[in-house]
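Visitor: One structure follows; several queries about it will come next.
The values are calculated or read from the model by the stated rules, or taken from the named source; none is laboratory data. Quick caveat: nothing in here was measured; it's all calculated off a predicted structure. Virtual Cβ from ideal backbone geometry, glycine too; neighbours counted across all protein chains shown. The protein model used for the area step is the full one, side chains on, heavy atoms only, and it has no ligands, DNA or RNA in it. Shrake-Rupley method; radii C 1.70, N 1.55, O 1.52, S 1.80 Å.
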Amino acid sequence: MARKTEKDPVYDAGMKARRRILGDKYVDRAVKKIRPHTRDFQDYVVRSAWQVWTRPGLDDRTRRLLVLGTMVAIGRWEEFVMHARAALEAGMSIKDIEEVLIQQGIYCGVPAANTAFHHINDLIDAMTREGVKIKGLK
């Protein structure tokens, strides 16, 4: 499954979406961490997970909200924080994330939402220390 050619429209579209959603800084750091034994997996991720973000049916905001809710539901906190940071850096309101977490509290359980709020609080503190402006933060 390794990338075989220089021009690969599926890979290129997936990588473009990944950069649009997570930012160049994050993606550049992740690409530098690729090792020979992880190369095929990373190729798979770009071709499948990030290719989904190129589909016309949903906009990026909707996909971001779905990803955040899904990460709460399955308890993948590192992915939740990564996507929450990217969403906030891209201008999503903290109120949007709050609404997702309240919704997930009903469908995934209060403990899952509570954990997510703890992660968001830590993320807000870190981003504030970094000087990042968070939309809707009072």
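Visitor: Do you know which residues across the stretch 50-89 are open to solvent by 50 Å² or more (accessible area, probe 1.4 Å), over 19 Å from Ile102 (Cα atoms) and without any contact (Cβ under 8 Å) to a residue 60 or more places away in the chain?
Guide: Matches in the stretch 50-89: Gln51, Val52, Thr54, Arg55, Pro56, Gly57, Leu58, Asp59, Glu78.
Visitor: Ok, one more. Suppose we filter the stretch 1-28 for residues that are at pLDDT 95 or above, under 19 Å from Glu78 (Cβ atoms) and open to solvent by 30 Å² or more (accessible area, probe 1.4 Å); how many remain?
Guide: Going through the stretch 1-28 one residue at a time, the tally reaches 1.
Visitor: Which of the residues belonging to the stretch 94-115 are β-branched (Val, Ile, Thr) and crowded, with 16+ Cβ neighbours inside 10 Å?
Guide: The first filter runs over the stretch 94-115 and keeps only residues β-branched (Val, Ile, Thr), leaving 94, 97, 100, 102, 106, 110, 115.
Scanning the stretch 94-115 gives Ile94, Ile97, Val100, Thr115.
Visitor: Hey, another quick one. Restricting to the stretch 69-112, give me the number of residues that are touching a Gly at 6+ places or on another chain (Cβ under 6 Å) and over 18 Å from Leu137 (Cβ atoms).
Guide: 1
Visitor: Looking at the stretch 116-130, is at least one residue under 19 Å from Asp24 (Cα atoms) and surrounded by fewer than 16 Cβ atoms within 10 Å (Cβ to Cβ)?
Guide: From the stretch 116-130, those under 19 Å from Asp24 (Cα atoms) are 127, 130; that's our starting set.
Cutting the leftovers down to surrounded by fewer than 16 Cβ atoms within 10 Å (Cβ to Cβ) gives us 130.
Yes - at least one qualifying residue is present in the stretch 116-130.
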